[in-house]
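Undergrad: Okay, handing you the structure first.
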Amino acid sequence: MRITMLKFLSLPDIYEVIKEYNDGHWLYELKGFMKLRQTIYRELIEMSPKYYWKIEEFSINDMDYFFTIASEHERSYYYTNYILQELITIGDNNLTELHSSKPFTLTEMHYAKCVLRYLKHCYLAVKWSKNNTEKYAQINSVIPPEKVVNFFLQWLDTVNFHHLEDDLVKLQEIAEEVNQYLSDQLKTSGSYTAEQIFSGVSHIFFRVRGITMTPIASLDTLDIKKVWDNRLGNQIVVFVMYQAVASRLGVQADLVVFPNHLFIEWLCLEENIEYTVHIEIGEIEAHRVCPYTHRRVDSHYKYCPDYLLQCLHLTFMSSSGAERDWHVSNATDLLGFLGKNYPSPYLYLFQNSNLIVDSEINMKNLKREELPIIFSLFHLHAMGLNAVAKKPLKVLEQKRHHSSVLYAVGMICCHKYHEYQCIVRGWDRVCSVHWPYCISNQNLIYGFDQPYYRVIATDQSERYIPQEHLLPVPNPTRMKHLEDLVAQGFTHFDGFCYVLNDEKRLEYPDENLIVQVYKQRYQKMD
């Protein structure tokens, strides 16, 4: 019942989209949406049998079908994204309740995230280039900082919608709060001096709201709405919000970004003097030479969207450290967009500004002339990955469980000496012929002539462990931060172990019997 209810949570939002963009043929459009949903579900279920056996990871070459269905009409691209995100939301809810069924298993969620990455990134790349090319700059202003932050958040978090309109509404609400404060304090309404506005914005941000700045960049500290609600934000984002609110109150200040620091600069036209704004106290100081550059004193630093995007990327990667997840992987893909990886298909957009149409691109209702640009970028990605080459396949080696193998694939074990927990992904009856050159058998009672297990540890590292160094965990808990790394082989965590999917079960057909033995043993102990 819960799955059925969650399925229909999307309908009111989709109805609003249909109502706004479909000229009244909402019933026909709704039927098409439901049909598209079933088509996507069916395709995701069929992806694991197709791609599990391929040695290389799933790539943009493998999703021609999704780009085809996403381009059927102006709203198909949005519907496809929406359905995939909805599937992941339902799957997450089911995993929390320790049950799962197709198409809401870890495996289908893995492929849904893969598809979403390429759909979102191709769309966002076109959207950015359209707003940032010289041709479009003649029609519209340069991309403001708040839009850059929203773009970066969307690039990282492809499984959720982060609508720019929501951020703009929040910033306008903050500006109105500041305006009301100034009106109450100064007993006047209308125009205020820049100094008064800076003082008012700082008061609302840091005294009334109590915003705290942190160097850590996460999805929460990069999200403008959450920063305001949680009173905690990445330093760059807080500076962006401050500048955006001041600009809505009539002060045109520039956000100047360098790799190791940033500041807000305001030019007083009457005095022709540039000032630096100290945002925490709302005071201004005559502009000084930047200690990190060799520019002349009279030079003017200009805001640059590309520099801001690079700084956001650098801050996020520094905060993530060695962590591996979808967000870090998405951030890595941004290097190609920033021109750090060559050759990059994104350069095609920047070098061909004649492709960019003079209108505001909107995923909810893409224009006919915009879809071909997105798909040209898709094909360039595929060409860069040598789409014509066939991927080699893994050789299926069915491993019947031997009596010497104590643990099953999917179980959670603990290292006897180092005490870290891990998920068992596979095993060999004896040490694989490739590994003795890389590992030592010193201090091992049974040497290499014992079962070895391929595991993924709590620090997300992959390890090859002898059986005598492993112990079963009697009361394991879900290891959510490792699930993206094992999703291709498992459906969900059932309260004791990770359950093998159909393809993994073909490799290890007897694992469930071993798991049941351990479950019964620990139930008796309880």
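Undergrad: Of everything in the stretch 156-209 that's within 30 Å of L334 (Cβ to Cβ) and not in a helix (DSSP H, G or I), which residue is nearest to the chain's Cα centre (by Cα)?
TA: It comes out as D157.
Undergrad: Considering S299, S318, which residue is at pLDDT 70 or above, surrounded by fewer than 20 Cβ atoms within 10 Å (Cβ to Cβ) and among the hydroxyl-bearing types (S, T, Y)?
TA: Answer to the check: S318.
Undergrad: Give the stretch 306-315 a look and list any residue that's open to solvent by less than 60 Å² (accessible area, probe 1.4 Å) and either aliphatic (A, V, I, L, M) or under 16 Å from the mean Cα position of the chain (by Cα) (or both), or say none.
TA: Correct list: L308, L309, L312, H313, T315.
Undergrad: Now for a different question. I'm told L98 meets every condition in (1) more than 17 Å from E503 (Cβ to Cβ); (2) among the aliphatic types (A, V, I, L, M); (3) outside any loop (DSSP other than H, G, I, E, B) except one. Can you identify the failing condition by its number?
TA: (3)
Undergrad: Identify all residues within the stretch 420-433 that are within 21 Å of K504 (Cβ to Cβ) and either at pLDDT below 80 or open to solvent by 20 Å² or more (accessible area, probe 1.4 Å) (or both); write none if there are none.
TA: Q421, R425, D428, R429, S432 - these are the residues of the stretch 420-433 that are within 21 Å of K504 (Cβ to Cβ) and either at pLDDT below 80 or open to solvent by 20 Å² or more (accessible area, probe 1.4 Å) (or both).
Undergrad: Being at pLDDT below 55 and part of a helix (DSSP H, G or I) is the filter; apply it to the stretch 120-148 and report the residue that is surrounded by the fewest Cβ atoms within 10 Å (Cβ to Cβ).
TA: Here the residue is E134.
Undergrad: List, please: which pairs have Cβ atoms under 8 Å, are six or more places apart or on different chains, and start with a residue in the stretch 477-494 that is without any contact (Cβ under 8 Å) to a residue 60 or more places away in the chain and end with one that is in a loop (DSSP other than H, G, I, E, B) and hydroxyl-bearing (S, T, Y)?
TA: Partner pairs satisfying both residue conditions: L482/T458.
Undergrad: All but one of (1) modelled with pLDDT of 90 or more; (2) in contact with an Asp or Glu (Cβ under 8 Å, 6 or more places away or on another chain); (3) surrounded by fewer than 18 Cβ atoms within 10 Å (Cβ to Cβ) hold for L444, so report the exception by its number.
TA: Among (1) modelled with pLDDT of 90 or more; (2) in contact with an Asp or Glu (Cβ under 8 Å, 6 or more places away or on another chain); (3) surrounded by fewer than 18 Cβ atoms within 10 Å (Cβ to Cβ), the lone unmet condition for L444 is (1).
Undergrad: Just to be sure before I move on: is L335 open to solvent by 40 Å² or more (accessible area, probe 1.4 Å) and at pLDDT below 55 in the structure I sent? Step through it out loud before you land on a result.
TA: On the way: open to solvent by 40 Å² or more (accessible area, probe 1.4 Å): yes; at pLDDT below 55: no.
So L335 does not fit the description; no.
Undergrad: While we're here: Tell me the residue from I224, I197 that is over 30 Å from F161 (Cα atoms) and buried (at least 23 other Cβ atoms within 10 Å of the Cβ), please.
TA: Numbers: I224 fails: over 30 Å from F161 (Cα atoms).
Being over 30 Å from F161 (Cα atoms) and buried (at least 23 other Cβ atoms within 10 Å of the Cβ) holds for just one of I224, I197, which is I197.
Undergrad: Pairs under 6 Å by beta carbon, first residue within 19 Å of A286 (Cα to Cα) in the stretch 232-261, partner part of a strand (DSSP E or B) and of a type in the set (V, I, T), six or more apart or different chains?
TA: Sorted first by the residue in the stretch 232-261, then by its partner, the pairs are Q243/I264; A253/I264; L255/I264.
Undergrad: Looking at K394, K390 in this structure, which one is over 12 Å from V126 (Cα atoms) and at pLDDT 65 or above?
TA: Being over 12 Å from V126 (Cα atoms) and at pLDDT 65 or above holds for just one of K394, K390, which is K394.
Undergrad: While we're on this one: Scan (1) of a type outside the set (K, R); (2) on the phi < 0 side of the Ramachandran plot; (3) surrounded by 15 or more Cβ atoms within 10 Å (Cβ to Cβ) for the single condition G410 breaks and write down its number.
TA: (2)
Undergrad: Taking the stretch 499-526, which residues are among the aliphatic types (A, V, I, L, M), under 34 Å from the mean Cα position of the chain (by Cα) and either more than 23 Å from E97 (Cα to Cα) or part of a loop (DSSP other than H, G, I, E, B) (or both)?
TA: Of everything in the stretch 499-526, just one residue is among the aliphatic types (A, V, I, L, M), under 34 Å from the mean Cα position of the chain (by Cα) and either more than 23 Å from E97 (Cα to Cα) or part of a loop (DSSP other than H, G, I, E, B) (or both), namely L506.
Undergrad: Collect the residues in the stretch 83-119 that are β-branched (V, I, T) and open to solvent by less than 10 Å² (accessible area, probe 1.4 Å), keeping them in residue-number order. Spell out the reasoning first.
TA: Filtering the stretch 83-119 for residues β-branched (V, I, T) gives 83, 88-90, 96, 105, 107, 115.
Selection gives I83, I88, I90, T105, T107, V115.
Yes/no per residue for (1) open to solvent by 40 Å² or more (accessible area, probe 1.4 Å); (2) within 24 Å of P103 (Cα to Cα); (3) under 22 Å from the mean Cα position of the chain (by Cα); (4) of a type in the set (D, E):
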site: L471; (1), (2), (3), (4): yes, no, no, no
site: P474; (1), (2), (3), (4): yes, no, no, no
site: M479; (1), (2), (3), (4): no, yes, yes, no
site: H492; (1), (2), (3), (4): no, yes, yes, no
site: C497; (1), (2), (3), (4): no, yes, no, no
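Undergrad: For I281, which of the numbered conditions (1) assigned to a helix (DSSP H, G or I); (2) more than 30 Å from the chain's Cα centre (by Cα) fails to hold?
TA: Result: I281 fails condition (1) only.
Undergrad: Exactly one condition in (1) over 15 Å from L119 (Cβ atoms); (2) open to solvent by less than 40 Å² (accessible area, probe 1.4 Å); (3) not in a helix (DSSP H, G or I) is false for F58; which is it?
TA: With respect to (1) over 15 Å from L119 (Cβ atoms); (2) open to solvent by less than 40 Å² (accessible area, probe 1.4 Å); (3) not in a helix (DSSP H, G or I), F58 is out only on (1).
The values are calculated or read from the model by the stated rules, or taken from the named source; none is laboratory data. Nothing here was measured: the structure is a model prediction, and the numbers come from that model. Neighbour counts run over all protein chains shown; Cβ positions are idealised from the backbone, glycine included. Surface areas here come from the heavy atoms of the whole protein model, side chains and all, with no ligands, DNA or RNA. Shrake-Rupley method; radii C 1.70, N 1.55, O 1.52, S 1.80 Å.
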